[in-house]
Every structure is written in C-alpha cells, then in structure tokens.
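One structure below.
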Amino acid sequence: MGGIIEKRSKKKRRKKFNKEQEVLGTAFILPYALAFFAFIVIPVFMGMFLSFTSFNLIEKPVFNGLNNYVDLLTVDEKFMQKVVPNTILFAFFAGPVGYALSFFLAWLLAQIPRRSRTVLALAIYSPSMTAGVAMGVMWKIIFSGDRSGYMNSILLKLGLISQPIQWLTDPKYLMPIMIIVTIWGSMGIGFLAMLAGVLNINPELYEAAYMDGMKNKFQEIIYVTVPSMKPQMLFGAVMSIVGTFNAGAIGVALSGTNPTPQDAGQLIVTHIDDFGFNRFEMGYAAAISVVLLIMVFLLGKLAKRLFQERD
C-alpha cells in the first residue's frame with residue numbers, strides 16, 4: 001500500500017515539475033515569439049496584402065488585383081531585361097562561391113593549432129560584422145575614380161594604365177566589384193557554423209575511413225567531412241542564400257545612385273527600393289518583394305533537399 005502511495009506521489013511531483021518546465025520554457029520563448037510575430041509575420045502578410053493594391057503612402061491603398069504582378073512580368077522591361085539577369089549573375093557568383101569559400105576556409109582553419117585558428121577565424125569573420133554602408137565607404141576609397149584611389153594609384157605606378165579608371169560608374173566594372181565586396185563580407189554566421197561542424201567531427205571516423213582504403217584529403221572531405229556536418233552545411237546554405245539576396249544594396253552604396261549607372265548593378269533588392277522609396281509606388285514594390293520572397297523560399301527548399309539528413 002505504501003509503495004502505491006509513493007508511486008502516486010512521485011507521479012504527481014513529476015507532473016508538477018513538467019508543468020513548471022513548460023511554464024518556464026514558455027516564459028523564455030515568449031519575448032522572441034512576440035518579436036518574431038511583430039517584426040516578421042505581420043510585415044510579411046502586410047506586404048502580401050499591399051502587393052494587390054495601388055498605394056503611394058499618401059492615399060489609401062486601392063485594390064487592383066493581380067495588376068502589379070502582370071505589370072512586373074509584361075510591362076516592366078527593366079525587371080526582365082536587367083534586374084533578373086543581374087540578380088541571377090550576382091547570385092550565381094556571390095552565393096555558391098562565397099558558400100564554397102566559407103567551407104574551404106573552415107576546413108583549413110580546422111587543420112591548424114587552436115590559438116592561430118582563433119585569431120584567423122576572427123579576422124575572417126570580422127568583415128561580416130561591418131555595416132554595408134561603412135563597407136561601401138571603405139571600398140569606394142579603394143576603387144575611387146581619381147588618381148588618389150588605391151587601385152588606380154597602384155595601376156598607374158606599375159604603368160598598366162595611362163588614365164584613371166572609373167571603377168564604380170563604368171557598367172563594365174561595377175558588377176564584378178559588387179561580387180568581390182559581397183564575397184569578402186560573406187564569412188558570417190554560416191562560416192562559424194561550418195567551422196564548428198568540422199571541429200566537432202569524431203576523429204575516429206577519419207581513422208576508420210583510412211583503414212577502409214581512403215587515401216587523401218579530398219576523399220576525406222567527400223566521404224567523411226561533408227556527410228558528417230550536413231546540418232551545418234544546410235544552415236550555411238540558407239544563410240548564404242538570404243545574405244546574397246540581401247546584399248544587393250551594396251551596388252547603391254558603391255555607385256552612390258539608385259538606379260545604378262546604366263542599371264549595371266540593379267538587383268531585385270535595389271529595384272524594390274527604387275519603386276518603394278524613390279517613386280513611392282509601394283504596392284508595386286510589395287509585389288516585387290513577394291517575388292523575391294518566393295525565390296528565397298524555393299532556393300531554401302532546394303538547399304534543404306540537398307543537405308537534409310535522410311533516414
């Protein structure tokens with residue numbers, strides 16, 4: 001009889017403890033949940049609603065159905081002829097190249113002693129903490145179009161050019177510079193996640209693989225490293241996708257104008273800013289934002305399919 005009473009008492013205490021843990025967990029997550037709802041969920045749904053309206057920030061939004069989307073795909077020649085090709089080109093180089101470089105640097109750092117690794121990881125990560133505007137100012141000094149610009153000064157002294165090059169206003173150079181700057185500043189949270197993933201792989205897996213016939217470092221990466229850190233690879237891929245599409249504003253920061261010179265650096269993000277804050281066509285800008293959201297979502301699903309753990 002006493003044992004039954006004791007079991008019931010333990011069960012009640014366990015239920016009470018679980019309930020307290022649930023309340024405590026809810027209390028911890030509630031501030032984040034409220035902030036997420038207020039600053040992510042509500043703006044997304046408001047943007048979707050505004051994408052079906054004509055809205056200029058002064059008058060009330062007027063519902064116009066799918067007109068914004070139809071205009072975007074059939075009337076807006078700049079979007080189809082300049083913005084989309086520029087965005088694909090920018091995303092192709094800045095995204096995958098930055099992602100591969102993040103993994104490669106993380107793998108290299110994992111091969112060196114801890115103290116040196118810490119210093120180098122901080123040096124590689126620090127550019128990602130720099131605000132886009134501040135980063136743009138620094139690179140504008142490097143690629144300044146006069147003789148005092150660092151790049152022009154070096155090339156003139158070496159005799160490789162006879163006149164200063166207008167790096168940031170010449171359509172031929174703006175996009176490559178945007179890609180270089182974006183890759184330079186892309187070693188952020190995704191890079192740190194990959195570094196943590198490489199460092200936490202069980203060394204016994206490498207030993208077993210070499211015993212089974214693995215012969216070199218390349219096979220080590222393909223057969224052990226990447227399969228062992230798929231969660232970190234997925235996180236890095238998603239962060240790279242989001243970061244690449246958000247980094248489009250660097251073209252405006254470098255050139256100083258929106259639209260960029262001859263639309264050479266005009267991406268979807270800058271196209272949204274142009275219509276939303278220069279022309280005050282908020283409904284149309286919201287429609288472009290929804291298209292961008294769908295693109296990021298689909299690419300995120302693709303990354304998940306590639307790196308998700310399979311049962």
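The values are calculated or read from the model by the stated rules, or taken from the named source; none is laboratory data. Quick caveat: nothing in here was measured; it's all calculated off a predicted structure. Backbone-built Cβ (ideal geometry, glycine too); neighbour counts: all protein chains shown.
Observations
- L293, sole failed condition from (1) in a loop (DSSP other than H, G, I, E, B); (2) surrounded by fewer than 21 Cβ atoms within 10 Å (Cβ to Cβ): (1)
- Screening region 67-100 for residues that are assigned to a helix (DSSP H, G or I) and charged (D, E, K, R) and picking the one that is surrounded by the most Cβ atoms within 10 Å (Cβ to Cβ) gives K82.
- Against the criterion of being within 26 Å of Q266 (Cβ to Cβ), surrounded by 13 or more Cβ atoms within 10 Å (Cβ to Cβ), in contact with a strand residue (DSSP E or B) (Cβ under 6 Å, 6 or more places away or on another chain) and touching a residue at least 24 places away in the same chain (Cβ under 8 Å), T53 qualifies.
- Meets criteria (under 21 Å from the mean Cα position of the chain (by Cα), surrounded by fewer than 21 Cβ atoms within 10 Å (Cβ to Cβ) and either of a type in the set (K, R) or part of a helix (DSSP H, G or I) (or both)) for F191: no
- Residues in region 201-232 that are part of a loop (DSSP other than H, G, I, E, B) and touching a residue at least 12 places away in the same chain (Cβ under 8 Å) were compared, and the one that is farthest from the chain's Cα centre (by Cα) is N202.
- Meets criteria (over 29 Å from F52 (Cα atoms) and assigned to a helix (DSSP H, G or I)) for F235: yes
- All of M151, M187, M175, M194 fail the test of being without any contact (Cβ under 8 Å) to a residue 60 or more places away in the chain and among the hydrophobic types (A, V, I, L, M, F, W, C), apart from M151.
- Taken together, the residues in region 240-254 that are touching a Phe, Trp or Tyr at 6+ places or on another chain (Cβ under 9 Å), at pLDDT 75 or above and closer than 16 Å to S102 by Cβ amount to 3.
- Single residue of region 258-289 satisfying the filter (among the hydrophobic types (A, V, I, L, M, F, W, C) and under 17 Å from P61 (Cα atoms)) that is surrounded by the most Cβ atoms within 10 Å (Cβ to Cβ): A287
- Listed by first and then second residue, the pairs linking a residue in region 21-32 that is without any contact (Cβ under 8 Å) to a residue 60 or more places away in the chain and in a helix (DSSP H, G or I) to a residue that is among the hydrophobic types (A, V, I, L, M, F, W, C) and surrounded by 10 or more Cβ atoms within 10 Å (Cβ to Cβ), with Cβ atoms under 8 Å apart and 6 or more places separating them unless they lie on different chains, form an empty list.
- Odd one out for F103 among (1) modelled with pLDDT under 85; (2) part of a helix (DSSP H, G or I): (1)
- Single match in F52, F63 (criterion: in contact with a Leu (Cβ under 8 Å, 6 or more places away or on another chain) and at pLDDT 90 or above): F52
- Flag for D170 being closer than 22 Å to L267 by Cβ, surrounded by fewer than 20 Cβ atoms within 10 Å (Cβ to Cβ), in contact (Cβ under 8 Å) with a residue 12 or more places away in the chain and charged (D, E, K, R): yes
- In region 176-188, of all residues being hydrophobic (A, V, I, L, M, F, W, C) and touching a helix residue (DSSP H, G or I) at 6+ places or on another chain (Cβ under 7 Å), the one that is surrounded by the fewest Cβ atoms within 10 Å (Cβ to Cβ) corresponds to W184.
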